[in-house]
1. What are the residues in region 144-164 that are open to solvent by less than 10 Å² (accessible area, probe 1.4 Å) and out of contact with any Gly (no Cβ under 9 Å at 6 or more places or on another chain), if any?
2. Within the group Tyr36, Tyr15, which residue is aromatic (Phe, Trp, Tyr) and crowded, with 20+ Cβ neighbours inside 10 Å?
3. Which of the residues belonging to region 177-229 are part of a loop (DSSP other than H, G, I, E, B), of a type in the set (S, T, N, Q) and either open to solvent by 50 Å² or more (accessible area, probe 1.4 Å) or at pLDDT below 90 (or both)?
4. For region 106-134, enumerate the residues that are open to solvent by 90 Å² or more (accessible area, probe 1.4 Å), free of Cβ contacts under 8 Å to residues at least 24 places away in the same chain and in a helix (DSSP H, G or I).
5. What pairs can you find where one residue is in region 74-101 and farther than 22 Å from Phe187 by Cα, the other is assigned to a loop (DSSP other than H, G, I, E, B) and open to solvent by less than 70 Å² (accessible area, probe 1.4 Å), and their Cβ atoms are less than 6 Å apart, with a gap of 6+ or different chains?
6. Are any residues in region 230-262 among the charged types (D, E, K, R), assigned to a strand (DSSP E or B) and modelled with pLDDT under 85, and if so, which ones?
7. If you go through region 24-37 one residue at a time, do you hit one that is over 17 Å from the mean Cα position of the chain (by Cα) and either under 17 Å from Asp152 (Cα atoms) or touching a residue at least 24 places away in the same chain (Cβ under 8 Å) (or both)?
8. So if I check each of Glu291, Glu254, Glu284, Glu261, which one is out of contact with any strand residue (DSSP E or B) (no Cβ under 9 Å at 6 or more places or on another chain), acidic (Asp, Glu) and open to solvent by 50 Å² or more (accessible area, probe 1.4 Å)?
Amino acid sequence: MMNNILELRQLSFGYRQQKILDNLTLGIPKGSIYGYLGKNGSGKTTTMKLILGILDAPPNTVYFYGQEFKKNREKILKKVGNLVESPCYYENLTGLENLAYLDIIYKCGIKQIEKVLNLVGLTGDRNKKVKKYSTGMKQRLGIAMALFHDPDFLILDEPLNGLDPEGIHEVRELMIKLKGEGKTILFSSHILAEIEKTCTHISLLDKGNLLYQGDIKKLLCCVERKIFIKTNKAQYAHLICNAHSIVSFILSDEELLVKLESDIDHNRLIQLFVSNKIDIYSVELKENNLESVFLHLTSN
């Protein structure tokens, strides 16, 4: 698909007899913030290493900008920035010196060094040796290094690791800002609330298999919803639900929990209660969030 900046086509990978990824096919839309989710050991970091050529992917499985990665590796990597597993830096150099060392390769100049230090909030600590940085500061430096050559596409593996709440907020705002500048970002995180706030698209990996990929809003709507109904006849309402194959549970004489799959089911339920002269005092919808959907889809 021409709208995808990155495509994986039937990508399988394993070590000896252990299969890590099984026939993985996904696309990262251009201009998206794409969350890559999965439990520990599901294959997220392995995928990122295969995308970047750190691990050797089979031919014709990784495509950037519609071009096969192996045949165009050097040209493609000039447009890609990454932070995978942990930042690479020299501890006895300052943050500024680490970026100046990187500038020997990219030749972007002091203005770009100053720009990325400011973007990640390290301007005030630019002359401090990295060995004296906190974990969060080291993570910020890693993001600055990934951004340094102004790539079109960023691949960030757990970029929120070690950050305090203020740092997490700043990185979230940075990703949204970079998206606004036309960049595409693929990142993984265990902080599901942040992925829900930040991402436009996600994919969900479980034991090397893709359970879902696409718009995050569609995912949150595709899993059953729960509503709490207060009524004058909970027992009778429960019987009506059973008669129409609607899952429900009596919580008290006046309260019922009902599981629904769609808005149509919700409207049908209300009509059933009204036609059976069941008074409805209140209806409370329990909204799905990414954590509840993630746990539901990976519980098997």
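1. The one that is open to solvent by less than 10 Å² (accessible area, probe 1.4 Å) and out of contact with any Gly (no Cβ under 9 Å at 6 or more places or on another chain): Asp157.
2. Tyr36
3. Ser189
4. Residues satisfying the conditions are Ile110, Lys111, Lys115, Asn118, Lys132.
5. As it stands, the answer is Gly95/Leu122; Gly95/Arg126; Leu96/Arg126; Asn98/Tyr89, since those pairs meet every condition given.
6. Within region 230-262, Lys259 is the sole residue that qualifies.
7. no
8. None of the other options fit; the residue is Glu291.
The values are calculated or read from the model by the stated rules, or taken from the named source; none is laboratory data. These figures come from a predicted structure and were not determined experimentally. No Cβ is skipped: glycine too gets one built from the backbone with ideal geometry, and neighbour counts run over all protein chains shown. For accessibility, only protein heavy atoms count, side chains too; no ligands or nucleic acids. Shrake-Rupley method; radii C 1.70, N 1.55, O 1.52, S 1.80 Å.
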